[in-house]
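Worksheet for the structure shown next.
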Amino acid sequence: MIDLLDGARWRLARTDAGSVLAPGDLPDELDWIDAVVPGTVATALGHALAVNPDDHDWWFVADVSTGGHRRVRARFGGIATRAQIWIDGIHRRTVTSMFVPETLDLSDCGDTVTIAVHIESLAAHLKSRRPRGRWRSSLIAAQGLRHERTTMLGRAPVYGPLPVPVGLWRPVSMTVIPEVRRVALSTTVSGTDGIVALRADLDAPGVARIMIDDRAFELGTVERIDSAVTLPDVELWWPHTHGRPRTYRVALEVDGTLHSMGVVGFRTVDLDRTAGGAVLTVNGESVFCRGGTWTPLDPVRLWSPEPDLRAALEQFRSAGLNMVRVVGTLVYEQPEFWSLCAELGIMVWQDVMFGTIDPPTDDTYTAAVTRELGAFADAVSANPALVVVSGGSETQQQPTMLGIAADDQRMVMLDSIIPEFLADRVPGVAYVTSSPSSAQGELHTHVGDGIAHYFGVGGYLRPLSDIRTAGVRFAAECLAFAVPPERAQVEKFFGSAAVAGHHPDWKAAIPRDRGSSWDFEDVRDHYVRTIFGVDPHLIRRDDAELYLDYGRAAIVEAFTEAFGHWRRASSGCAGALVLTLRDTVPGAGWGIVDTAGVPKAPFYALARASAPVALLLSDNGLDGYSVELVNDGPALSGTIRLVLHASRGSHEFERTVNAPANGSIAVTVDSIVGTFTDVNHAYRFGSRTYSAVTAALLDDSGVEVTRTTALVGAQSRQNTVGLTAEVTERDSGTWELTVRSDWPAQYVCVDIDGFEVSDSWFHLAPNEPRTLTLVGRGASAPRGHVRALNSIERASVAPRP
């Protein structure tokens, strides 16, 4: 279908709030600039943006050639936020929600059509007196935003110094009015069969049939379609960690013309919240959910090309992550995001766009939310990636933390309106009232009951041992730290680590709760001090790069401890999503990936713990180390090889294991060795016997599947640990890097700009080489270095001459 607006020139101008109400009254002397659609005012103005977009009115105007068509459909995918749509000087629609598309059918069009969108000052609207909520949101300053269906991005400081999104943030299209209208698609599973239900209206009676992949289901001559077709022995959709994410392409053929309906999948979902838990099952199998909260790749434009979305989602998929959460303070994602998640086997937890506010209960507001939910259902109702819907982010936590009694904080929006809508339009997904929310009536702040936001380790400065004692059942947010980008990225963004620490843009990017006297860089420094026993401020004074390295390592330590515990079967935890997956601005944000898409240190720790087949090595105090083999796939057998590194050589032990399908098996190091060894030096009988312990899983043919290494005791920084690095080209653009050390190397970092490395920020045992893969991102040959936290000397990386 041809989009008549493709390539159209959009123009943008600013007027004072309320000064011009119709396009015919726009003054001739206005300064017009070119605008990008989809995009925002900030996208068009860039660094020239010197005002708060909410304080002014804005006009987006385009002239469109109709190509001789007299009946066309104009569709506005999303306008932020309050706006008036004018076409050929005639007022056509009032917009009150950022999240609801608007569709206009036009008849008797001329050769050209002029579209003018007048976006009104939201600040002016907020000056009007409206009913107050039962509580104040701590996230935002303008409490009147509770009445607006818009994002908190740019209005809540926790996401960094971002401009307020105002504009045509979703695509605008103009096409010939299609013959298929009001399509609704859904799928269900019945036994081994998959059922596709399709509802649609046609402009006129036609011979129709439903196409699912290469199968055709004849409908005969119809004008209205309300049909369900059955696919016997359907192949189910699985998250990629547990199986194949099978999808089916659906189309409706009318009088020989094919109309694509997108892709669908078949799966069952249940969220078991009995006994205070929150266990997600897909197709009857429990799934440990790991991933993070999603932020728009371009938080200014709020739209990204499909290749950029694919690259980001594939990056997270390659790290073993199987869930992303779209947070209720941001925006609903674009259609390409959903189709990619279905294709790649990434589950989506979707919040309705509520965050910390008391939703109004008047009919106008309720109708606006219902339209919003309808638009969301139209986009995702048959998409198998959607598994959980939540009534918002911290919607119930906010009144709980303000001390409001449970009966006084009930919200009809969360208790009835949203779940009833989902049951009708999006059946087969799990629903929780908000994130976090209790399962058994505890306060919504209690992390051991139901859905938690766990920042005990993080903002609340709890020791790492709190991870084991808190009893988290499902963390929909966790482990928020100010994570520094890697060294090369710091230099690109800020010039150097020394400059970055006191650069105003660096400090502006550090997450901070509104009104707090501390920020998340203070949190990171606390853990550097408690984990490594050094004073981060004194280190920063002498060596700014080492200061950031200690910060990176402390965060890796926290991630390793958290996910190494939560993924163990005995932990009782069924999932954990980090805050966040990606930064919104350059600097030390919450993201485990920076704004350029380059992984940061904790990305690698999360990837090691999230692999479908992983070994978790845990220090259990007087009981020594234990090794747990977790397996998301079919049953497997193999051998755990244990290597204990002593000052006079190493000692190897082996044990055959059989891990069940989608299960785990745990063994102690002592049971593998067969004698008391005190590997972790818990009993402290004399000096430490072992410096490191490595566990590796070998398959039945002796090929290593995965490995993990722990260093025993505190590591002192020394001149050298004997690091060496050797690189050889394997294929064009792909290299192998072999790293080894003479003594235990703590948090080995591979620092090679222009290449993606398969692993970094890991411990290396003595005389135990690790071979890594380097994939080029444009650089011709890898050049850089490998360093360790406990070594002053580092190893150079360069191809052989």
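The values are calculated or read from the model by the stated rules, or taken from the named source; none is laboratory data. From a predicted model like this one, the values you see are computed outputs, not experimental measurements. Backbone-built Cβ (ideal geometry, glycine too); neighbour counts: all protein chains shown.
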Taking region 1-32 as the region of interest, how many residues are more than 26 Å from residue 171 (Cβ to Cβ) and of a type in the set (D, E, K, R)?
-> 4
Which condition number in (1) assigned to a strand (DSSP E or B); (2) over 30 Å from residue 170 (Cα atoms); (3) among the hydrophobic types (A, V, I, L, M, F, W, C) is the one that residue 275 fails?
-> (1)
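Taking only region 643-669 into account, find how many residues are charged (D, E, K, R) and touching a helix residue (DSSP H, G or I) at 6+ places or on another chain (Cβ under 8 Å).
Filtering region 643-669 down to residues charged (D, E, K, R) leaves 648, 652, 654-655.
So of that shortlist, the ones also touching a helix residue (DSSP H, G or I) at 6+ places or on another chain (Cβ under 8 Å) come out as 654-655.
Number of matching residues: 2.
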Does any residue of region 567-584 turn out to be within 22 Å of residue 160 (Cβ to Cβ) and surrounded by fewer than 22 Cβ atoms within 10 Å (Cβ to Cβ)?
-> no
Under the condition of being assigned to a helix (DSSP H, G or I) and in contact with an Asp or Glu (Cβ under 9 Å, 6 or more places away or on another chain), which residue from region 507-519 is surrounded by the most Cβ atoms within 10 Å (Cβ to Cβ)?
-> 509
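Scan 320, 277 and give me the residue that is more than 14 Å from the chain's Cα centre (by Cα) and either in contact (Cβ under 8 Å) with a residue 24 or more places away in the chain or buried (at least 24 other Cβ atoms within 10 Å of the Cβ) (or both). Walk me through it before giving the result.
Numbers: 320 fails: more than 14 Å from the chain's Cα centre (by Cα).
Checking each option against the conditions leaves just 277.
Return the residues of region 525-540 that are without any contact (Cβ under 8 Å) to a residue 12 or more places away in the chain and of a type outside the set (A, V, I, L, M); say none if nothing qualifies. If you could, list the steps in order and put the result at the bottom.
The initial filter retains those residues of region 525-540 that are without any contact (Cβ under 8 Å) to a residue 12 or more places away in the chain, namely 529, 535, 538-539.
Answer for region 525-540, where residues must be without any contact (Cβ under 8 Å) to a residue 12 or more places away in the chain and of a type outside the set (A, V, I, L, M): 529, 535.
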Taking the stated definitions as given, is residue 722 on the phi > 0 side of the Ramachandran plot, in a loop (DSSP other than H, G, I, E, B), modelled with pLDDT of 95 or more and more than 38 Å from the chain's Cα centre (by Cα)?
-> yes
Exclusive hit being crowded, with 19+ Cβ neighbours inside 10 Å, in contact with a helix residue (DSSP H, G or I) (Cβ under 8 Å, 6 or more places away or on another chain) and within 21 Å of residue 315 (Cβ to Cβ), set 755, 762 | 762
Residue match in region 671-689 (condition: of a type in the set (A, V, I, L, M), surrounded by 15 or more Cβ atoms within 10 Å (Cβ to Cβ) and within 32 Å of the chain's Cα centre (by Cα)) | no
Considering residues that are small (Gly, Ala, Ser), buried (at least 18 other Cβ atoms within 10 Å of the Cβ) and in contact (Cβ under 8 Å) with a residue 60 or more places away in the chain, the number found within region 460-487 is 4
The residue from 340, 373 that alone is hydrophobic (A, V, I, L, M, F, W, C), free of Cβ contacts under 8 Å to residues at least 40 places away in the same chain, assigned to a helix (DSSP H, G or I) and assigned by TED's automatic domain parsing to the domain that holds residue 283 is 340
In region 493-506, how many are surrounded by fewer than 18 Cβ atoms within 10 Å (Cβ to Cβ) and either touching a residue at least 12 places away in the same chain (Cβ under 8 Å) or touching a Phe, Trp or Tyr at 6+ places or on another chain (Cβ under 7 Å) (or both)?
-> 4
Among the numbered conditions (1) small (Gly, Ala, Ser); (2) modelled with pLDDT of 95 or more; (3) more than 37 Å from the chain's Cα centre (by Cα), tell me where residue 68 comes up short.
-> (2)
Considering residues of region 391-410 that are in a loop (DSSP other than H, G, I, E, B) and in contact (Cβ under 8 Å) with a residue 40 or more places away in the chain only, the residue surrounded by the fewest Cβ atoms within 10 Å (Cβ to Cβ) | 402
Taking region 522-535 on its own, how many of its residues are assigned to a helix (DSSP H, G or I) and surrounded by fewer than 22 Cβ atoms within 10 Å (Cβ to Cβ)?
-> 7
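Being free of Cβ contacts under 8 Å to residues at least 60 places away in the same chain and farther than 30 Å from residue 683 by Cβ narrows it down to one of 794, 777, 800, so name that one.
On the way: 794 fails: free of Cβ contacts under 8 Å to residues at least 60 places away in the same chain; 800 fails: free of Cβ contacts under 8 Å to residues at least 60 places away in the same chain.
Result: 777 is the single residue among 794, 777, 800 that is free of Cβ contacts under 8 Å to residues at least 60 places away in the same chain and farther than 30 Å from residue 683 by Cβ.
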Given the conditions (1) among the charged types (D, E, K, R); (2) at pLDDT 95 or above; (3) over 22 Å from the mean Cα position of the chain (by Cα), every one holds for residue 170 apart from (3)
Taking residue 313 and the conditions (1) surrounded by fewer than 19 Cβ atoms within 10 Å (Cβ to Cβ); (2) free of Cβ contacts under 8 Å to residues at least 60 places away in the same chain, which numbered condition does it fall short on, given that it satisfies the others?
-> (1)
Requiring at least 1 residues that are without any contact (Cβ under 8 Å) to a residue 60 or more places away in the chain, the strands (runs of 3 or more DSSP E) wholly within region 541-643 are 613-619, 625-631
Identify all residues within region 93-110 that are buried (at least 16 other Cβ atoms within 10 Å of the Cβ) and out of contact with any Asp or Glu (no Cβ under 9 Å at 6 or more places or on another chain); write none if there are none.
-> 102
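Could we say that residue 333 is at pLDDT 95 or above, in the same structural domain as residue 380 (by TED's automatic domain parsing), part of a helix (DSSP H, G or I) and of a type in the set (D, E, K, R) here? Steps first, please.
Working: at pLDDT 95 or above: yes; in the same structural domain as residue 380 (by TED's automatic domain parsing): yes; part of a helix (DSSP H, G or I): no; of a type in the set (D, E, K, R): yes.
Considered against the rule, which asks whether it is at pLDDT 95 or above, in the same structural domain as residue 380 (by TED's automatic domain parsing), part of a helix (DSSP H, G or I) and of a type in the set (D, E, K, R), residue 333 comes out as no.
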Being assigned to a loop (DSSP other than H, G, I, E, B) and among the charged types (D, E, K, R) is the filter; apply it to region 435-483 and report the residue that is farthest from residue 558 (Cα to Cα).
-> 442
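Residues that are of a type in the set (S, T, N, Q), surrounded by fewer than 20 Cβ atoms within 10 Å (Cβ to Cβ) and without any contact (Cβ under 8 Å) to a residue 60 or more places away in the chain: which strands (runs of 3 or more DSSP E) entirely in region 135-254 hold 2 or more of them? Before the answer, list the steps.
Numbers: elements: 172-176, 180-190, 193-212, 215-231, 248-254.
It comes to 215-231.
Tell me yes or no: at least one residue of region 188-207 is within 26 Å of the chain's Cα centre (by Cα) and not assigned by TED's automatic domain parsing to the domain that holds residue 103. Write out each step before concluding.
Filtering region 188-207 for residues within 26 Å of the chain's Cα centre (by Cα) gives none.
Taking every residue of region 188-207 in turn, none turns out to be within 26 Å of the chain's Cα centre (by Cα) and not assigned by TED's automatic domain parsing to the domain that holds residue 103.
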Scan (1) touching a strand residue (DSSP E or B) at 6+ places or on another chain (Cβ under 6 Å); (2) outside the structural domain of residue 374 (by TED's automatic domain parsing) for the single condition residue 493 breaks and write down its number.
-> (1)
